[in-house]
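Presented below is the structure to which this report refers.
The values are calculated or read from the model by the stated rules, or taken from the named source; none is laboratory data. Everything numeric here is computed off the predicted structure, so don't read it as measured data. Glycine also receives a Cβ, built like all others from the backbone with ideal geometry; neighbour counts cover every protein chain displayed.
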Amino acid sequence: MIKFEQVNQRTWKLCNDDECIEMLNLTTSSITNKFSIIATFIENVSKTGGQEFDNWLVQFLNVYKGESEKRFLVIEDNLSAMRKFVDVYIDSRKINFSNFVDLSKAKKTSILFYPEEIEKIIRSSGYLKLYSLISNNDDFKLDSRLHKKIYNKLVSDLLQTETIFKVFNIVKTKTFRYNISDKYMWDYIKAVQCKTIDIYAVEIFNFIMSSIFTLCQEDKNPISYFISVVDESIKWFLRSVYKGSIIYDDSVATEDIQAIHIDNLRTYTYNDTIGRLEKIAHRKVHEILEESVFPVFSEDKIDKAIVEFEKRVSQTEHISPLCECLTYPILSKVTGVPYEHFKTLSPEHCIVLSTYLQTLLKRVFNSEYESLFEMMSYYPKKASVVHTTYKMKLSNLKEQFLPQMNSCTFLKFNDKVYLHEILSFFVGRVARVDFVDALSGKELPGLPLSKIESDAIKFYSLWFSGKLEKEMSEVRTLLNLDF
């Protein structure tokens, strides 16, 4: 029979009779905090399913570990078995789901869950409990995209009904009721954290669907559980808001306590914009891989390409000079977020944002500056040099730079020397780096330095002269459409 033994807060031992078959290294999550609920449920399923379930679970985990390249397919092939064993256990409990619903108290405005809907919630929660051995395990879990696919397959019975929409309505209704009793507090939260009450409602709903849904117990009303989670979440928001908005100096005196400053409010706004931009960039890059890079391959190979892309960028350790000198200034221009805020981003987020911006620039400029923009999806294998003695090629200097500067200025000054030094510094840093394409994983065999230099001369001379306002406005429009 399947048994669980807790080793420490995040580590559990999974045993079959007296034999330990797996050490579960759980992620830090709400599910881990209450993993005993899942352990008890799976042990009960084992009692009902008997040796057949135990053998299936052991074999499933062994095959899953051994097929690292086909883990999604292994889970997909075993979904019917997961459902079967959970359904057998739920049926054996002979739960009367009508006890969870009092139809006599229902009104026209009531959010009413019927017994069959409660049953589907309980069964789907059971499927997710078995799947949590994978999804909540640091050693086993899939990437977020494949995880969503499995999750949607396991709760497909609910997705075909209005049940999920009813759960969201409960969250929304309960949250907005607090807006009546704590209106000024919510107004303060909106001013401090730049989040409206409807954003919190969505966050609580996502939390319920991603974590709390898995923790429903088959003999308890899940709707009551969801309501209690909403109440506790909102109380936590209201309690914790002051902690993030009051600054204490070393000495505790009343004059040393300062209310939040307007600069902090701007920082919240900038961080929120960058955070949303990062999510959009990830989604758009995934679409690039699906539609452009692998148009003739199967879905499995597209999934593999996306997983490999995410793995590559997560292991990126250095920021490309293209990000610092091209991506950040343009994003700062079109979003209004100061350049300094982009400099705090990790290399992983930088290359994703740069790849996304590359697609926007290609749509606006078409084939112009092709060599320069092509480098935006590449990341460096090692850190770029801080200083360089590189000087622009004499041919480019005479044939392109000097003629271009006759019709351009540098920040409204007729200064050719300083821009020459900036371009030499930029191209010199790029020239000393070994690049890898984030989309394909291929190393750049040779750097088209002369073409990059030529594109940089034309682009930056127009940029510093303020002659790209029309094009930047088009980039901003495309970005706003994605938002």
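Any residue that is in the same structural domain as residue 354 (by TED's automatic domain parsing), among the charged types (D, E, K, R), buried (at least 18 other Cβ atoms within 10 Å of the Cβ) and at pLDDT 75 or above - is there at least one of those in segment 408-423?
no
Report the residue count in segment 333-368 for those that are in contact with a Phe, Trp or Tyr (Cβ under 6 Å, 6 or more places away or on another chain), under 20 Å from residue 379 (Cβ atoms) and among the β-branched types (Val, Ile, Thr).
So the answer is 1.
Test residue 146 against the stated conditions and say whether it is at pLDDT 90 or above and part of a helix (DSSP H, G or I).
Numbers: at pLDDT 90 or above: no; part of a helix (DSSP H, G or I): yes.
It is false that residue 146 is at pLDDT 90 or above and part of a helix (DSSP H, G or I).
Do the conditions hold for residue 435, that is, is it farther than 30 Å from residue 290 by Cα, assigned by TED's automatic domain parsing to the domain that holds residue 351 and at pLDDT 75 or above? Reasoning before the result, please.
Values: farther than 30 Å from residue 290 by Cα: no; assigned by TED's automatic domain parsing to the domain that holds residue 351: yes; at pLDDT 75 or above: yes.
Considered against the rule, which asks whether it is farther than 30 Å from residue 290 by Cα, assigned by TED's automatic domain parsing to the domain that holds residue 351 and at pLDDT 75 or above, residue 435 comes out as no.
For segment 42-78: of the residues being more than 25 Å from the chain's Cα centre (by Cα) and of a type in the set (Asp, Glu), which is farthest from residue 133 (Cα to Cα)?
The selected residue is 52.
Conditions: (1) assigned to a loop (DSSP other than H, G, I, E, B); (2) at pLDDT 75 or above. Residue 243 meets all but one. Number of the miss?
Evaluating residue 243 over (1) assigned to a loop (DSSP other than H, G, I, E, B); (2) at pLDDT 75 or above leaves (2) as the failure.
If the requirement is being hydrophobic (A, V, I, L, M, F, W, C) and part of a loop (DSSP other than H, G, I, E, B), which of these qualifies: 364, 352, 385?
On the way: 364 fails: part of a loop (DSSP other than H, G, I, E, B); 352 fails: part of a loop (DSSP other than H, G, I, E, B).
Being hydrophobic (A, V, I, L, M, F, W, C) and part of a loop (DSSP other than H, G, I, E, B) holds for just one of 364, 352, 385, which is 385.
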